[in-house]
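Presented below is the structure to which this report refers.
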Amino acid sequence: MTMTRESTGKDTRLEQERSNDNSNFVRLSVNLSHETAQTFKALAERKGLSFTEAIRRAITIWKFVEDQLAQGHELAIVESDGNPRRILFL
């Protein structure tokens, strides 16, 4: 299966592939600005992650945040002095 959506710099193509163990995988191709790509690369390298694993983790965190917000929860960061700082999402 191949899906392509053309728009202003947000072209996404998904290709479903089968591995030798019959697990389903999806190949995702995205266009990023140079700045975003460099930021992503630096974050992955900082943690010693492959790009694939970095994407998996980013999606997991994004889903967690969305699930918490959907349940009416708020998210906060606890600063080094112990004070919570509320995070606002637009």
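Quick note: the coordinates plus some simple rules give every number you see, no bench work behind them. Computed from a predicted model, the values in this text were never measured in an experiment. Cβ placement follows ideal geometry from the backbone for every residue including glycine, while neighbour counts extend to all protein chains displayed.
Restricting Phe64, Phe25, Phe40 to those that are in contact with an Asp or Glu (Cβ under 6 Å, 6 or more places away or on another chain), free of Cβ contacts under 8 Å to residues at least 40 places away in the same chain and not polar (S, T, N, Q) reduces the list to Phe25. Phe89 meets the conditions (1) touching a Leu at 6+ places or on another chain (Cβ under 9 Å); (2) part of a helix (DSSP H, G or I); (3) not small (Gly, Ala, Ser) in every case but one. The failed one is (2). The residue that is nearest to the chain's Cα centre (by Cα), among those in the stretch 53-75 that are loosely packed, with under 11 Cβ neighbours inside 10 Å and among the β-branched types (Val, Ile, Thr), is Ile59. Residue count for the stretch 47-61 satisfying the condition of being without any contact (Cβ under 8 Å) to a residue 24 or more places away in the chain and within 26 Å of Leu90 (Cβ to Cβ): 7.
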